[in-house]
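Trainee: Handing you this structure, nothing more for now.
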Amino acid sequence: MAQNVFEPWNDPAEKPLIQFKGVTKRFGEFVAIDNQTFDIYEREFFALLGPSGCGKTTMMRMLAGFETPTEGTILLGGQDMAPIPPNKRAINMMFQSYALFPHLSVWENIAFGLRRDNKPKAEIEARVAEMLKLTRLEQFAKRKPHQISGGQRQRVALARCLAKAPKLLLLDEPMGALDAKLRQATQFELMDIQEKTGTTFVIVTHDQEEAMTVASRVAVMDNGRIIQADTPARIYEMPNSVYVADFIGEVTIIPGKVHRRDKGYDVTFAEGQPTLYSEFDAEFDNGQTGYLALRPEKVAISAERPEGRTNAVQGKIIDIAYLGNLSTYHVVLPNGQKIKAQTANTRRLSRRDFTWEDTVWLSWTDTAAVLLKG
C-alpha cells in the first residue's frame, strides 16, 4: 500500500494556515524583508534558513506580533494578524535562552501560562501531566531549572509553549545552546513531539543540517527574500540558484558556456579541457553562461580514465579530508578549477588508494550535475 505523503503545498484544495501577502518590513532606510509572498500549512515543520542578517528573525517576530509589516498582510487561519496583540494570538514562541522561571519547579513552569489564563485546577493538572509525559519529564516535575540538564531545560520550555495548545509554535534557534551530539538527539525529539501534537512549527536557524533534518520544507533566505522554499531533498538535489546550491551542503560550481545537445547541454569551461555534458531540463540560449553544480558524492575518483563516461577530467589531489565514514578529495584541474569527490569508507581501515599529489581521473554521469543560471 502506498504511504500517504504529507505535501499539503501540492494540494490546491488545502488552505494555508499562514499567508504572507506582499510583506515588506523596513527599519528606516534598511529593507529587512523585501515584498515576500508565501504560505505555511497546518502540521508543517517549516524552517527559515539563512546567514545572519538575512531577515529570518524579522520574519518570525512579525508572526509573533513583536514587529508589524511596513507593507502587506500576514494572515493566520484567514484572519489578518495586524490588529491582534501578541498575547491574544494563537501563537507561542520558544526563545533560544528558554526563559524559564528559575524559582519555579518544572511542573510550575509548564503550568504558568495555563494559570495566567485562569484555567480550572483539574484542567491545569491534566494538561501539565500530559505535557510532562510528552516530553519525558515526569520524574523531574519537582526540580528547579538549575537542577536539570540543558537538553531537559529545553524540553521544559517546549512543554510550557505547547501546554496552551497554540496553532503555531515559533522556535528561535532552539538548539543553539546544545552540544553537537545532544543537538542531534533533540532534533529527532522535536520532530517526534511535533508529529504527536500536530502543531505547526516554524523554526529559525542558520544551521543547514538542522533545517534539513527537521523540516518538511526549508525556506532558504538571503537579503530579506526567500530564494527557494521546498522539501529538503529538492533543495539539495534541485537547487534553483548557485546561492542555494552553495549554501546547502558541499558543492563544486563550474561556470561555462552552454550549447543545446540532445536532451541537455554541452558545457565548455576551459581551453584544453574536455567539454562536459549535463542532461538537465532547463532553458538556456546557446552561448549563455551556465553553472554546473556538482555534489561531491556524485563524483567518482579513479586511477585510469573510466570507460564510456562523457564527463571525465584529469587532475591532481591537493587535499584530503578524512571524516571517518567519508573521505573528500580536493582535486585541481590544469586550468585551476577545483572539484571535490567523496568516497564512503566502507572498510575498517580506509584503503589509501590515493594520496596527495596523485594524478587521478574524476567522472560523473550525464544526470549528476544540475545546470543553473546563476
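Any read-out appearing in this document is the output of simple, stated calculations on the displayed coordinates, not a laboratory observation. Bear in mind the structure is a predicted one, so any value in this text is a computation, not a measurement. Virtual Cβ from ideal backbone geometry, glycine too; neighbours counted across all protein chains shown.
Trainee: In debye to the nearest 20, how big a dipole does the chain give about its Cα centre with +1 on each Lys and Arg Cβ and -1 on each Asp and Glu Cβ?
Mentor: That gives a dipole near 1500 debye.
Trainee: How far is it, in nm, from the label point at Arg261 to the one at Ala185 when both lie 7 Å from their Cα along the line to the Cβ?
Mentor: A separation of 5.4 nm, rounded to one decimal place.
Trainee: Explain nothing, just the number: relative contact order of the stretch 250-372, from Cα pairs under 8 Å at least 6 residues apart, as a whole percent.
Mentor: 30
Trainee: Filter the trypsin sites (Lys or Arg not before Pro) in the stretch 255-353 to those in DSSP coil with at most 13 other Cβ atoms within 10 Å of their Cβ, and list the result.
Mentor: Counting only loop positions with at most 13 other Cβ atoms within 10 Å, the trypsin sites (Lys or Arg not before Pro) in the stretch 255-353 are Lys263, Arg347, Arg348, Arg351, Arg352.
Trainee: Next up: Kindly put Ile320, Ile18 in sequence by how many other C-beta atoms sit within 10 Å of each C-beta, fewest to most.
Mentor: Ranked by crowding around the Cβ, least crowded first: Ile320, Ile18.
Trainee: While we're looking at this one, here's another question. Using 0.36 nm times the number of residues separating Lys144 and Lys316, minus their current alpha carbon distance, what extension gain do you get?
Mentor: That pair, Lys144 and Lys316, stretches by 56.1 nm at full extension.
Trainee: Note down the net charge around Asp11, summing +1 for each Lys or Arg and -1 for each Asp or Glu among other residues with Cβ under 15 Å from its Cβ.
Mentor: Neighbour charge sum, excluding Asp11 itself: -2.
Trainee: Given H placed 1.01 Å from N in the peptide plane, which residues other than close sequence neighbours of Asn345 have an amide H under 5 Å from its amide H?
Mentor: Here the answer is Leu326, Ser327, since their amide H atoms fall under 5 Å of that of Asn345.
Trainee: Would you mind telling me which residue in Ile227, Ile110, Ile84 has the biggest mean-square fluctuation in a Gaussian network model of the chain, where springs connect alpha carbons within a distance under 10 angstrom?
Mentor: Ile84
Trainee: Okay, moving on. When the helices in the chain are scored as -39500 (n - 2.57) per DSSP H run of 4 or longer and the sum is shared across all residues, what 222 nm value do you end up with, to the nearest 500 deg cm²/dmol?
Mentor: The per-residue figure over the chain is -7000 deg cm²/dmol.
Trainee: So how tilted is helix 180-197 from the main axis of the chain? Cα-based, degrees 0 to 90, rounded to 10.
Mentor: With both axes taken from Cα atoms, the answer is about 60 degrees.
Trainee: Within the stretch 8-243, what percent of beta bridges assigned by DSSP are antiparallel, to the nearest 5?
Mentor: Here the share of antiparallel DSSP bridges comes out near 50 percent.
Trainee: Taking a cut-off of 36 Å, what percent of all Cα-Cα pairs in the chain are separated by more than that?
Mentor: 38
Trainee: How high is the relative contact order of the chain, given as a whole-number percent (alpha carbon pairs under 8 Å, six or more residues apart)?
Mentor: 15
Trainee: For helix 106-116, report the angle its Cα long axis makes with the longest principal axis of the Cα atoms of the chain; keep it between 0 and 90° and round to the nearest 10°.
Mentor: 70
Trainee: Compute the long axis of helix 121-134 from its Cα atoms, compare it with the longest principal axis of the Cα atoms of the chain, and write down the angle in degrees, 0 to 90, nearest 10.
Mentor: Rounded to the nearest ten degrees, it is 20.
Trainee: Straight distance only, please: which lysines reach the Cα of Lys119 with their own Cα at less than 25 Å, same-chain residues fewer than 8 apart left out?
Mentor: Excluding near neighbours in sequence, the set is Lys88, Lys133, Lys142, Lys144, Lys164, Lys167, Lys196.
Trainee: Which residues make up the longest stretch of the chain that has no GluC sites (Glu not before Pro) in a DSSP loop with at most 16 other Cβ atoms within 10 Å?
Mentor: Counting only loop sites that pass the neighbour cut-off, the longest clear stretch is 43-249.
Trainee: Among the chymotrypsin sites (Phe, Trp or Tyr not before Pro) within the stretch 64-117, which fall in a DSSP loop and have no more than 14 other Cβ atoms within 10 Å of their own Cβ?
Mentor: Here the chymotrypsin sites (Phe, Trp or Tyr not before Pro) that fit, given the DSSP loop and packing criteria, are Phe66, Phe95.
Trainee: Tally Lys/Arg at +1 and Asp/Glu at -1 over every other residue whose Cβ is under 15 Å from the Cβ of Tyr41; what's the total?
Mentor: -4
Trainee: Could you compute the net charge surrounding Trp361? Neighbours are other residues with a C-beta less than 14 Å from the C-beta of Trp361; K and R count +1, D and E count -1.
Mentor: Summing Lys/Arg as +1 and Asp/Glu as -1 gives -1.
Trainee: Find the centroid of the Cα atoms in the stretch 315-374 and in the stretch 60-113, then give the distance between the two in whole Å.
Mentor: About 47 Å separates the Cα centre of the stretch 315-374 from the one of the stretch 60-113.
Trainee: Which lysines have a Cα less than 22 Å from the Cα of Lys373, not counting those fewer than 8 places away in the same chain?
Mentor: Straight-line reach from Lys373, under 22 Å: Lys257, Lys263, Lys298, Lys338, Lys340.
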